[in-house]
Amino acid sequence: MVGVPRSTGCQLCRKRRVKCDEARPACGNCRKYGVECPGYERDIKFVSGKHQIRQRGKRGDGNNSSSLGSVASASASGSSSAGSLTPPSEASPPSVDDALVRALRPNRAEFISTIIATVRTDITQSDVSGFLSWVDLGRLGSRVVLDGAMSSLALHLVGKERADEDMIAYSRDVYGKSLVALQSSLRHETEWRSSETLCAAMLLCVFEQLFAGTSSADSWLAHAKGIGTLMKQRGPAAHATGWDASMLLAFRGVLIMCDMFFPQSDTCFLSLPEWKPVMRDAGRRLIHPPGQPDHVIHIADNFFACLAELPAILMPAYVLRESRAMGTVHEPEPAKLAALARRALRCRGHFVQWYKEFKTLSVMPEEVPTRDPTSPFASVLRYRVSWVGSMHMGYWASMLILQDALVQCRHWALDAEARARREELTSNILRSLETVGAGTMGPYRVGFAVRIAYEVASPEHQRWVLSLLDRFKKTYAATDRATYPEPRSEDEQWE
């Protein structure tokens, strides 16, 4: 799951893909151009693969990437039950990177206590706290891999809030060392399936996806793909209750997005029968406030259940569209198109029913004048609760996907009425960006919907969206315009 690139040049030379003379303390290229040399510590990235237990005392095959995988292999070696929260045996602890232990200071317990206090004060005051409600702070201090992951994220969040560049730089250093520690845990015969290892992997993915942008703009998708593989190998029973269930529930949206844009199979694993029960909170309030009514939790569960059906529709419809646009497609058999159309119609029916229930919560937005001088809209949509706005946007984006799928299947014609509906859905999403996209977690709330709306928006609106992405990227690395196509020309139609 974690790998290290082979290049030994400084970080800036590797990024620019130029030869580095590797001089110390600063390389010749950096001195020549008068920039601070970022050093030679190698970035670490996630790669996917199957879990393999490495025998003690044996060197690997030269591939420095760990992998996720076989429960059978771990069980055969005498591993504890999936999801066990008991500490690892003292006789066979996972290897721990000494650099991470040093990075967490000599008195690690005191340092972690400070991090916990920081999370509960500085971060609780921002809208990040709800997103991190699944983190069991009581588990900190038991595994260095979890301590490092939580420390890197907490330091980065607080550094951003305080505009403290030194703290942000330190958080990145701890993040890199934490990835190395995660690699050791994933290769350990029992620790790979522990709850602490899963939580650490998720925290490091959040760090990469939301805030840091330590490597490529879409590297978080590879991270999320690895976490999905880890969850599948642990099995649904390991995520049925307690902390493990809350982690799955909190991360289900990210896992579905990963399967939309980085598919591993024909269907999202969360839509499979064995996973459907554990993908629902079902009133347990594992990630919801204590006073949240059951019917509200039920509506939230149904939204993600509908969303999990989309990857199996989006990818074949997108491939069909792009192939037709390039003139390379051999038209699928009518039976296959009909099957895809039926699936899209069934999913659309589920979303329509869900939206009827959703509107019973009296959650409709109100129109207010824009406060953004760059906005192409005179009025925007404002919501009383941010997550409600995010669900509205997610529904509209899903309807755009399903409409296009039905057009590609030749089930619907793209007539004037269909074009008007598409324009309305797109406008609703873009007019929600100003309010739902505000705050530290704003870009996370709107990321999926704005990416879908961008595809069908007018060239003028596409250029405006790209300008917003430049602002979002300061706090949310995943919204990088590098992952978006260039705006269409004024005379180019999206059909």
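The values are calculated or read from the model by the stated rules, or taken from the named source; none is laboratory data. Given the structure is predicted, the values throughout are model-derived calculations rather than measurements. Backbone-built Cβ (ideal geometry, glycine too); neighbour counts: all protein chains shown. Only protein heavy atoms, including side chains, enter the accessible area calculation; ligands, DNA and RNA are left aside. Shrake-Rupley method; radii C 1.70, N 1.55, O 1.52, S 1.80 Å.
Which residues, taken from the range 281-312, are assigned to a loop (DSSP other than H, G, I, E, B) and either within 18 Å of Phe448 (Cβ to Cβ) or touching a Phe, Trp or Tyr at 6+ places or on another chain (Cβ under 8 Å) (or both)?
Hits for the range 281-312 are Leu286, Ile287, Ala308, Glu309, Leu310.
Can you spot a residue in the range 329-339 that is at negative phi, open to solvent by less than 70 Å² (accessible area, probe 1.4 Å) and touching a residue at least 40 places away in the same chain (Cβ under 8 Å)?
Yes, there is a match, as at least one residue in the range 329-339 is at negative phi, open to solvent by less than 70 Å² (accessible area, probe 1.4 Å) and touching a residue at least 40 places away in the same chain (Cβ under 8 Å).
Under 6 Å between Cβ atoms, at least 6 apart or on separate chains: pull out the pairs that start in the range 361-382 with a residue that is modelled with pLDDT of 95 or more and end on any residue that is exposed (fewer than 12 other Cβ atoms within 10 Å of the Cβ) and not charged (D, E, K, R).
These pairs meet every condition: Ser379/Pro369.
Scan the range 440-459 for residues that are part of a helix (DSSP H, G or I) and either in contact with a strand residue (DSSP E or B) (Cβ under 6 Å, 6 or more places away or on another chain) or over 15 Å from Ile429 (Cα atoms) (or both) and report the count.
1
Do any residues in the range 433-461 that are in contact (Cβ under 8 Å) with a residue 60 or more places away in the chain have Cβ atoms under 9 Å from those of residues that are of a type in the set (Asp, Glu) and part of a helix (DSSP H, G or I), where the two are at least six apart or on different chains, and which pairs are they?
Pairs that qualify, where the first residue is in contact (Cβ under 8 Å) with a residue 60 or more places away in the chain and the partner is of a type in the set (Asp, Glu) and part of a helix (DSSP H, G or I), are Thr440/Glu161.
Which of the residues spanning the range 399-427 are in contact with a His (Cβ under 9 Å, 6 or more places away or on another chain) and surrounded by fewer than 20 Cβ atoms within 10 Å (Cβ to Cβ)?
Correct list: Ser427 only.
Is it the case that some residue within the range 296-314 is open to solvent by 50 Å² or more (accessible area, probe 1.4 Å) and either without any contact (Cβ under 8 Å) to a residue 12 or more places away in the chain or over 16 Å from Met391 (Cα atoms) (or both)?
No - not one qualifying residue is present in the range 296-314.
Tell me, yes or no, whether the range 344-362 has at least one residue that is closer than 29 Å to Ala317 by Cβ, surrounded by 12 or more Cβ atoms within 10 Å (Cβ to Cβ) and of a type in the set (Gly, Ala, Ser).
yes
Read through the list (1) at pLDDT 75 or above; (2) open to solvent by 20 Å² or more (accessible area, probe 1.4 Å); (3) not aliphatic (A, V, I, L, M), then give the number of the only condition that Ser151 fails.
Result: Ser151 fails condition (2) only.
Any idea how many residues of the range 368-386 are closer than 15 Å to Pro443 by Cα and in contact with a Pro (Cβ under 6 Å, 6 or more places away or on another chain)?
Matching residues across the range 368-386 total 0.
For the range 328-387, enumerate the residues that are more than 16 Å from Leu406 (Cβ to Cβ) and assigned to a helix (DSSP H, G or I).
Passing the criteria: Ala335, Gln353, Trp354, Tyr355, Lys356, Glu357, Phe358, Lys359, Ser386, Trp387.
Pick from the range 154-199 the residues that are buried (at least 19 other Cβ atoms within 10 Å of the Cβ) and not in a helix (DSSP H, G or I): which of them is modelled with the highest pLDDT?
Out of the qualifying residues, it is Ser194.
Each row is one residue, and each column tells you yes or no for (1) in a helix (DSSP H, G or I); (2) open to solvent by 10 Å² or more (accessible area, probe 1.4 Å); (3) without any contact (Cβ under 8 Å) to a residue 60 or more places away in the chain.
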site: Leu230; (1), (2), (3): yes, no, no
site: Gln233; (1), (2), (3): yes, yes, no
site: Ala237; (1), (2), (3): yes, yes, no
site: Trp243; (1), (2), (3): yes, yes, no
site: Leu249; (1), (2), (3): yes, no, no
site: Ile256; (1), (2), (3): yes, no, yes
site: Pro263; (1), (2), (3): no, yes, yes
site: Thr267; (1), (2), (3): no, yes, yes
site: Glu274; (1), (2), (3): no, yes, yes
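Run down Gly394, Gly389 and say which single residue is under 19 Å from Gly447 (Cβ atoms), open to solvent by less than 20 Å² (accessible area, probe 1.4 Å), in contact (Cβ under 8 Å) with a residue 60 or more places away in the chain and within 25 Å of the chain's Cα centre (by Cα).
One residue alone meets the criteria, Gly394.
Please list, ordered by first then second residue, the pairs with beta carbon atoms under 7 Å, 6 or more apart or interchain, first in the range 6-25 and under 12 Å from Cys37 (Cβ atoms), second modelled with pLDDT of 70 or more and part of a helix (DSSP H, G or I).
Partner pairs satisfying both residue conditions: Cys10/Cys30; Leu12/Cys30; Cys13/Asn29; Cys20/Cys13; Cys20/Asn29; Asp21/Gly28.
Checking Gly141 against (1) in a helix (DSSP H, G or I); (2) of a type outside the set (Ser, Thr, Tyr); (3) open to solvent by 20 Å² or more (accessible area, probe 1.4 Å), only one condition comes out false. Which one?
(1) is the only condition that Gly141 fails.
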